[in-house]
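Student: Below you will find the structure I want to go over with you.
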Amino acid sequence: MLLLTFSRECHQQDSRRYRDLRVNADLSGKHWQALQRLVDHDALFALPDRIGCASCYDGVDELIEVKFSDHSKKSVTFPMGSAPKKISALSEKLLSLEAKLRDELPIGVKSW
């Protein structure tokens with residue numbers, strides 16, 4: 001799922017233009033398994049929750065959150081395009097999937 005949300009200020013300015021947008025898609029079993037193989041539980045949990053803060057300086061942060069079958073979960077936030085080596089392959093695959101989902105957004109929204 002790709003969820004595109006806007007700030008409260010944008011919603012208040014023009015709630016029709018700045019409405020939340022959601023695109024859902026299913027992965028085949030083969031693609032899901034390939035994605036799961038990119039997740040190393042121990043390596044992911046060894047990373048800090050936040051690495052840098054690009055959004056603190058007008059940049060963009062990337063967030064990866066993984067929920068495991070044992071109900072544990074781990075999130076890591078880092079500057080876009082600067083994934084830690086331990087999760088760089090996962091980040092690249094997720095960015096590729098995001099690009100495909102963005103193609104489903106309305107034309108004026110795709111560049112956001």
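Student: Do you know which residues across the stretch 64-84 are in contact with a Ser or Thr (Cβ under 6 Å, 6 or more places away or on another chain) and surrounded by 12 or more Cβ atoms within 10 Å (Cβ to Cβ)?
Tutor: Passing the criteria: only 83.
Each row is one residue, and each column tells you yes or no for (1) open to solvent by 100 Å² or more (accessible area, probe 1.4 Å); (2) within 14 Å of residue 2 (Cβ to Cβ); (3) modelled with pLDDT of 90 or more; (4) more than 13 Å from the chain's Cα centre (by Cα).
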{"residue": "18", "(1), (2), (3), (4)": "no, no, no, yes"}
{"residue": "27", "(1), (2), (3), (4)": "no, yes, no, yes"}
{"residue": "34", "(1), (2), (3), (4)": "no, no, yes, yes"}
{"residue": "39", "(1), (2), (3), (4)": "no, no, yes, yes"}
{"residue": "42", "(1), (2), (3), (4)": "yes, no, yes, yes"}
{"residue": "46", "(1), (2), (3), (4)": "no, no, yes, yes"}
{"residue": "57", "(1), (2), (3), (4)": "yes, no, no, yes"}
{"residue": "89", "(1), (2), (3), (4)": "no, no, yes, yes"}
{"residue": "92", "(1), (2), (3), (4)": "yes, no, yes, no"}
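Student: Tally the residues that are more than 25 Å from residue 73 (Cα to Cα) and of a type in the set (Lys, Arg), restricting the search to the stretch 11-46.
Tutor: Total meeting the criteria: 3.
Student: Please report, ordered by residue number, the strands (runs of 3 or more DSSP E) entirely within the stretch 19-91 with at least 1 residues that are hydroxyl-bearing (Ser, Thr, Tyr) and either closer than 30 Å to residue 8 by Cα or in contact with a Pro (Cβ under 6 Å, 6 or more places away or on another chain) (or both).
Tutor: 73-79
Student: Mind checking which pairs have a first residue in the stretch 47-59 that is within 14 Å of residue 74 (Cα to Cα) and a second that is among the aliphatic types (A, V, I, L, M) and not in a loop (DSSP other than H, G, I, E, B), Cβ under 6 Å, 6 or more apart or different chains?
Tutor: 47/76
The values are calculated or read from the model by the stated rules, or taken from the named source; none is laboratory data. These figures come from a predicted structure and were not determined experimentally. Heads up, the Cβs are rebuilt from the backbone with ideal geometry, glycines too, and the neighbour counts pull from every protein chain shown. We work out accessible area using only protein heavy atoms, side chains counted, and drop any ligands, DNA or RNA first. Shrake-Rupley method; radii C 1.70, N 1.55, O 1.52, S 1.80 Å.
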